[in-house]
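Report on the following structure.
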Amino acid sequence: MADLQRSIPSMVDGLKPGLRKILFSSFKHNFTKEAKVAQFSGYVSGHSAYHHGEQNLAGTIIGMTQDFVGSNNINLLQPNGQFGNQHQGGKDHASSRYVYTCLSPITRFLFPKDDDCLLDYLNEDGQSIERTWYMPTIPMVLFNSSEAAFIYIQMRLFGIQSSYTDRLAAAEQIVSLEEKKKSQDQECGQLRALVHDLERKGAQNVVDKLQVPVAAAMIMACNRPNYLERKIESILKYQGSVASKFILFIFQDGPNENVKHKALSYNQITYMQHLDFGTVQTERPGELIAYYKIASHYKWALDGLFYKHNFTRVINLEDDMKISPKNFGYFEAAATLMDKKIEPLCPFPHGMIMDIRNLCMIRRVFTAQISFLDLDGC
């Protein structure tokens, strides 16, 4: 704040505090006869409580004397010596020991002497110093403070931009929360539909103490209804005799209506749809986003079966593979091996059985296809 007060001129008199101290000392000393800038800076420092070094003060005095194009439209101090030129922007001025200055004749017309007794004086440690501000006869801020006005406009624009940035961040957060709520509502709707479907099909009678399912059989589908139909017909052909041991689920990745319609046409199978419209951030440049989407879909499906519906084993059945007559017997035998903590050495020919106690096996099987992300338990 103190830096801004020293850097931005007052709209009342167009002067910064340092310039006002110099002008006050000039009026007090009746500075009409020439003196070296170095000597005058010492006088100003002693009579106006200037605290930022005489070298800085000398530079400010030299700035008040410059009259070349691009400096002051009205120079309040008279230049006598090498005070710089337009080409160098005044930086080529001589040392303050070799240049002279005094009040310009016009200065007292701009700041009338009769006003001195009407203005308020500042006081520092009992010393009466410069006025709070002067009251020039013309708006000096428009003549010598165009740069300061530009800085002021920049500050206003920065403040407005910051305000809009904050509003934009708040809006983005609201959109993110709305998308999250929408996703949660969709998931809740799917769970309600699953519970209703299980109750309608009497699946609770299957999962009782007398008849525990061997595994949940999940069919992963995306946008190929013909492959899905062929897969389901192949499964139902051989699954009928062991339907109580293998509960069938279809997990659709994406909004394809043909796949959804085909899946819902089978009463024997529970259908769930995964709609993931979130933005994907890859771990390394050049990676395919599709792999991350597939991984997210598999995790969603497996979490639903293992953690929400408490299945202990899951069989993954791709939609482009057929089932042979012996597959379900093969799966059931593999489940017995898993119960004895004997892991199969390779995935099954037309599917893969996964045990909740060893989810790392999923990572090994899928390594060649996708990057399987954020699997708890691995």
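The values are calculated or read from the model by the stated rules, or taken from the named source; none is laboratory data. Given the structure is predicted, the values throughout are model-derived calculations rather than measurements. Cβ atoms come from the backbone with ideal geometry, glycine included; neighbour counts cover every protein chain shown.
Among the residues of the stretch 72-107, how many are hydrophobic (A, V, I, L, M, F, W, C) and assigned to a helix (DSSP H, G or I)? Steps first, please.
Of the stretch 72-107, the ones hydrophobic (A, V, I, L, M, F, W, C) are 74, 76-77, 83, 94, 99, 102-103, 106.
After this cut, where a residue has to be assigned to a helix (DSSP H, G or I) as well, the list is none.
So the count comes out to 0.
Report every pair of residues separated by at least 6 positions or lying on different chains whose Cβ atoms are under 6 Å apart, first residue within the stretch 195-224 and over 18 Å from Ile250 (Cβ atoms), second polar (S, T, N, Q) and modelled with pLDDT of 60 or more.
Taking only residues 6 or more apart or on different chains, the pairs are Gln211/Ser244.
Given the criteria surrounded by fewer than 20 Cβ atoms within 10 Å (Cβ to Cβ), touching a Lys or Arg at 6+ places or on another chain (Cβ under 7 Å) and of a type in the set (Gly, Ala, Ser), does Ala38 qualify?
Numbers: surrounded by fewer than 20 Cβ atoms within 10 Å (Cβ to Cβ): yes; touching a Lys or Arg at 6+ places or on another chain (Cβ under 7 Å): yes; of a type in the set (Gly, Ala, Ser): yes.
Against the criterion (surrounded by fewer than 20 Cβ atoms within 10 Å (Cβ to Cβ), touching a Lys or Arg at 6+ places or on another chain (Cβ under 7 Å) and of a type in the set (Gly, Ala, Ser)), Ala38 qualifies.
Results for (1) in contact with a Pro (Cβ under 9 Å, 6 or more places away or on another chain); (2) in the same structural domain as Leu302 (by TED's automatic domain parsing); (3) of a type in the set (Phe, Trp, Tyr); (4) at pLDDT 85 or above, shown as yes or no for each residue.
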| site | (1), (2), (3), (4) |
| --- | --- |
| Gly159 | no, no, no, no |
| Ser163 | no, no, no, no |
| Glu179 | no, no, no, yes |
| Glu187 | no, no, no, no |
| Ala193 | no, no, no, no |
| Asp197 | no, no, no, no |
| Val207 | yes, yes, no, no |
| Gly240 | no, yes, no, no |
| Asn258 | yes, yes, no, yes |
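Give Gly53, Gly63 a once-over and let me know the one that is within 49 Å of the chain's Cα centre (by Cα) and surrounded by fewer than 19 Cβ atoms within 10 Å (Cβ to Cβ). Explain how you work it out, then say what you get.
Numbers: Gly63 fails: surrounded by fewer than 19 Cβ atoms within 10 Å (Cβ to Cβ).
Exactly one residue qualifies, and that residue is Gly53.
Select from the stretch 291-334 the residues that are at pLDDT below 80 and among the aliphatic types (A, V, I, L, M) and write down the one among them that is nearest to the chain's Cα centre (by Cα).
Taking the candidates together, the pick is Leu317.
Only one of Gln39, Gln66, Gln5 is of a type outside the set (Phe, Trp, Tyr) and without any contact (Cβ under 8 Å) to a residue 12 or more places away in the chain; which?
Values: Gln66 fails: without any contact (Cβ under 8 Å) to a residue 12 or more places away in the chain; Gln5 fails: without any contact (Cβ under 8 Å) to a residue 12 or more places away in the chain.
Just one listed residue meets the conditions, Gln39.
Restricting to the stretch 277-302, name every residue that is touching a residue at least 60 places away in the same chain (Cβ under 8 Å) and assigned to a helix (DSSP H, G or I). Talk me through it step by step, then tell me what you get.
As a first pass, look at the stretch 277-302 and keep what is touching a residue at least 60 places away in the same chain (Cβ under 8 Å): 277-278, 283, 287, 291-292, 294-299, 301-302.
Answer for the stretch 277-302, where residues must be touching a residue at least 60 places away in the same chain (Cβ under 8 Å) and assigned to a helix (DSSP H, G or I): Tyr291, Tyr292, Ile294, Ala295, Ser296, His297, Tyr298, Lys299, Ala301, Leu302.
Take the residues of the stretch 108-125 that are in a helix (DSSP H, G or I) and acidic (Asp, Glu): which is surrounded by the fewest Cβ atoms within 10 Å (Cβ to Cβ)? Talk me through it step by step, then tell me what you get.
Our first condition is that a residue be in a helix (DSSP H, G or I); within the stretch 108-125, this holds for 108-110, 113-118.
Within this subset, residues satisfying the condition of being acidic (Asp, Glu) are 114-116.
On the way: Asp114: 6, Asp115: 13, Asp116: 14.
Among those residues, the one meeting the criterion is Asp114.
Are any residues in the stretch 18-29 in contact (Cβ under 8 Å) with a residue 40 or more places away in the chain and not small (Gly, Ala, Ser), and if so, which ones?
Leu19, Arg20, Lys21, Ile22, Leu23, Phe24, Phe27
Filter the stretch 246-276 for residues that are free of Cβ contacts under 8 Å to residues at least 60 places away in the same chain, among the hydrophobic types (A, V, I, L, M, F, W, C) and either closer than 21 Å to Ala215 by Cα or surrounded by fewer than 17 Cβ atoms within 10 Å (Cβ to Cβ) (or both) and give the result.
Those that are free of Cβ contacts under 8 Å to residues at least 60 places away in the same chain, among the hydrophobic types (A, V, I, L, M, F, W, C) and either closer than 21 Å to Ala215 by Cα or surrounded by fewer than 17 Cβ atoms within 10 Å (Cβ to Cβ) (or both): Leu248, Phe249, Ile250, Phe251, Ala263, Leu264, Ile269.
In this structure, is Met220 assigned to a strand (DSSP E or B), modelled with pLDDT of 85 or more and farther than 14 Å from Leu317 by Cα? Even if it seems obvious, please write down each step before you answer.
Numbers: assigned to a strand (DSSP E or B): yes; modelled with pLDDT of 85 or more: yes; farther than 14 Å from Leu317 by Cα: no.
In short, no.
May I ask you to list the residues in the stretch 23-69 that are among the aliphatic types (A, V, I, L, M) and either modelled with pLDDT under 90 or touching an Asp or Glu at 6+ places or on another chain (Cβ under 9 Å) (or both)?
Looking only at the stretch 23-69, we keep the residues that are among the aliphatic types (A, V, I, L, M), and these are 23, 35, 37-38, 44, 49, 57-58, 61-62, 64, 69.
The answer is Leu23, Ala38, Val44, Ala49, Val69.
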